[in-house]
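See structure below.
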Amino acid sequence: MASKIRIKDIAERAGVSVGTVDRVLHNRPNVSKSALEKVSKALQEMNYQPNMYASALAYNKSYTFYILMPKHESEAYWEEIEEGAKKAEETRRDFHIDIEIRYYERFDQKSFETQSQEVLNNNPEGVVIVPSALASTKKFTDQLHEQNIPFVMLDSYMPDLKPLAFYGQDSFSSGYFAAKMLMLIASQEEEIMLMKQTKDGVVMSKQQDNREVGFRHYMHDHFPNIKIIDLDLPLDGTKKSYAQILEHFFTDHPHIHHCITLSSKAHLVGEFLLRTNRRDIQIMGYDMVAKNAQCLREGSISFLIAQHAYMQGYSCIDTLFKAIVLKKKITPVNYMPIELLCKENVDFYRRTQL
C-alpha cells in the first residue's frame with residue numbers, strides 16, 4: 001500500500017539519504033538537481049501518495065484565518081458568507097482552524113486601513129479580503145506579501161494584487177445574463193427602471209459597476225430602443241424616505257412595469273410594491289436572502305440571480321486550509337454559478353449546498 005511506504009524505503013530505492021528525501025517531500029532547499037531527479041523517479045515508480053491529512057494532524061499546529069469584510073445588517077449577502085466560513089471552520093476543527101472576523105465601514109477608507117492593520121498585528125496564517133478601494137486594498141496586500149501571508153479575495157477580483165485565489169461571480173457575464181433574462185418578460189416595454197444604492201451619488205461596489213457594464217452592453221446590442229431610467233435609493237436612507245422616493249417615481253413613470261437592481265436589495269422595491277398594491281410592476285435582483293425570497297413568492301420580484309454566498313464563504317476558508325495546512329495546489333480563479341430563481345423553483349434552491 002502506498003500509504004505504508006516509509007521515507008527509508010524511498011531513500012534506498014533512490015540511492016540517497018533519508019534527509020534528502022525529507023527535504024524533497026517538504027519542498028525544502030539544498031537539494032541537488034541530480035538528487036531531486038532520483039527521488040522524483042523513485043516516488044513515481046513506487047506510486048507514493050503522501051497522506052497530507054495525517055501529517056497535518058500529527059503536526060498539531062493551530063491556524064488562525066482572518067476575514068476582513070464590510071459591516072452589514074442581518075439577512076444580507078454578507079451574513080451568508082459568514083455562515084459558510086463558520087461551516088468550514090467546524091468541518092476542519094480537528095486541524096485546529098480558528099476564524100476571526102474583522103468588520104470595516106464599507107465607505108470609510110480609514111476604517112478599512114485600521115482594521116487591516118489590526119489583522120496584521122495578530123499575525124494570521126491566512127486572510128480572506130473583501131476589497132475596499134484599490135489604493136487601500138493594495139497597501140494591505142503589499143504588507144501581506146511582505147510577510148508571506150496568503151490571502152484570498154472575495155466578491156471583487158483584483159488580479160494585479162496577486163491573491164492566492166478569488167471567489168465570486170464573473171460580474172460582467174452576470175450583468176449580461178441579468179439583462180437577457182429580464183428581456184424574456186420585458187421585451188415589449190418602452191422603459192425599465194434600474195435601481196441603485198449609492199453614497200454621495202456613487203455606487204461603491206466594483207462588482208455592481210461591472211454588472212452594470214455587462215447589463216448595458218446587452219441592452220445596447222439587443223434592445224437599444226428601451227430607455228433605462230436610473231433610480232437612486234441612498235444607502236443611508238430610511239424606509240419612510242424610500243417609500244416617498246418610490247411613490248414619486250412610479251407616479252411620474254406610470255408606464256414602467258419592469259425594474260432591475262444589480263444588488264441584493266430588490267426587496268426594498270418589492271416590499272413597497274406589495275404595500276401599495278402595485279401588482280403590475282415587478283423588480284429583478286440578486287441573492288437569495290429571506291426578504292428577497294418572500295417577495296419572489298408573493299410576486300413583486302420576478303427573478304433572482306443566486307451567487308451562492310454560503311459556498312463562497314466556505315470555499316475561501318477551505319482554500320486557505322488546503323494551501324497552508326495541506327500544502328496543496330489550488331485553483332486561482334473560481335467563478336460561482338449564475339443561477340436564475342423564480343417563484344416556481346425558489347423553494348428548491350439549496351442555500352447551503354457545497
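The values are calculated or read from the model by the stated rules, or taken from the named source; none is laboratory data. Keep in mind that this is a model prediction, so the values were computed, not measured. Cβ placement follows ideal geometry from the backbone for every residue including glycine, while neighbour counts extend to all protein chains displayed. We work out accessible area using only protein heavy atoms, side chains counted, and drop any ligands, DNA or RNA first. Shrake-Rupley method; radii C 1.70, N 1.55, O 1.52, S 1.80 Å.
Percent of Cα pairs in region 179-222 per distance bin of 10 Å, from zero to the largest separation: 24, 49, 25, 2.
This model, with +1 at the C-beta of Lys and Arg and -1 at the C-beta of Asp and Glu, gives region 139-298 a dipole about its Cα centre of some 400 debye. With the convex hull drawn around the C-alpha atoms of the chain, the volume per residue stands at 168 Å³. Counting every C-alpha pair in region 22-179, the share spaced more than 24 angstrom apart comes to 49%. 3J(HN,Hα) along region 93-105: 4, 5, 9, 6, 8, 10, 10, 10, 10, 10, 10, 10, 5 Hz, from the Karplus curve 6.51 cos²θ - 1.76 cosθ + 1.60 with θ = phi - 60°, whole Hz, x for Gly and Pro.
Which order do the peptides 330-342, 182-194 take when ranked by the mean count of other beta-carbon atoms within 10 Å per residue, highest first? Intermediate values should be presented prior to the final figure.
Values: 330-342: 14.8, 182-194: 16.3.
Output ranking for 330-342, 182-194: 182-194, 330-342.
Cα to Cα, under 21 Å, and not fewer than 8 places away if on the same chain: which lysines meet these conditions relative to K265? Output for K265: K71, K180, K196, K199, K206, K239, K240, K291, K343. Between H26 and K343, the simple label model (points 7 Å from Cα in the Cβ direction) yields a spacing of 6.3 nm.
Which percent of the accessible heavy-atom area of the chain goes to carbon and sulfur, probe 1.4 angstrom?
Details: 8620 of 17960 Å².
Within the chain, the accessible surface is 48 percent carbon and sulfur.
Given contacts defined as C-alpha pairs under 8 Å and at least six residues apart, what's the relative contact order of the chain, whole-number percent?
Working: 577 pairs, mean separation 60.4, N = 354.
Rounded, it is 17 percent for the chain.
A compact globular protein would have a Cα radius of gyration near 2.2 N^0.38 Å; the ratio found for region 238-282 is 1.07. Between amide H atoms placed 1.01 Å from N, distances below 5 Å from E339 occur with A306, all of them 5 or more places distant or on a separate chain. Cα centroids of region 283-311 and region 122-193: how far apart, whole angstrom? If we compute the Cα centre of each part, the gap is 20 Å. In the chain, the DSSP-assigned H stretches of four residues or longer account for a calculated mean residue ellipticity at 222 nm of -13500 deg cm²/dmol, using -39500 (n - 2.57) per stretch and the full residue count as denominator.
Database remark: amide H of V128 closer than 5 angstrom to the amide H of Y66, I67, L68, V152 (H placed geometrically; neighbours at sequence offset of 5 or more, or on other chains; Pro and chain starts carry no H). For the chain, DSSP calls about 10 percent of its internal beta bridges antiparallel.
For the chain, the dipole from Cβ point charges (+1 on Lys and Arg, -1 on Asp and Glu) about the Cα centre works out to 1480 debye, to the nearest 20. Binning the alpha carbon pair distances of region 248-350 at 10 angstrom intervals from zero yields the distribution 15, 37, 22, 15, 8, 3, expressed in whole percent. Rolling a 1.4 angstrom probe over the protein heavy atoms with all chains in place gives the chain an accessible area of 51 Å² per residue. The simple spin-label model puts a point 7 Å past each Cα toward its Cβ; for E73 and T331 those points are separated by 3.5 nm.
Across region 316-324, rounded Karplus estimates of 3J(HN,Hα) from the backbone phi angles (6.51 cos²θ - 1.76 cosθ + 1.60, θ = phi - 60°) give 4, 5, 5, 5, 4, 4, 5, 6, 8 Hz, Gly and Pro being marked x. Each of I260, Q353, I305 was scored by the projection of its Cα onto the charge dipole of the chain, and the greatest displacement toward the positive side belongs to Q353; charges sit on the C-beta of Lys, Arg, Asp and Glu. Around the Cα centre of region 91-218, unit charges on the Cβ atoms of Lys, Arg, Asp and Glu (plus for the first two, minus for the last two) sum to a dipole of about 100 debye. Would you please classify the overall shape of region 147-205 from the alpha carbon gyration tensor, given that a ≥ b ≥ c denote the square roots of the eigenvalues, rounded means a/c under 1.5, and beyond that prolate means a/b larger than b/c while oblate covers the rest? The shape class here is oblate. Among the trypsin sites (Lys or Arg not before Pro) in region 231-315, those placed in a DSSP loop whose Cβ has at most 12 other Cβ atoms within 10 Å are R279. Along region 156-165 the Karplus relation, 6.51 cos²θ - 1.76 cosθ + 1.60 evaluated at θ = phi - 60°, assigns HN-Hα couplings of 10, 9, 10, x, 5, 7, 6, x, 4, 7 Hz to successive residues, with x for each Gly and Pro.
If a/c stays under 1.5 just call it rounded; otherwise compare a/b with b/c (prolate if a/b is bigger, oblate if not). Do that for region 171-317, with a ≥ b ≥ c from the square roots of the Cα gyration tensor eigenvalues.
Numbers: a/c = 1.40, a/b = 1.14, b/c = 1.23.
In terms of gyration-tensor shape, rounded.
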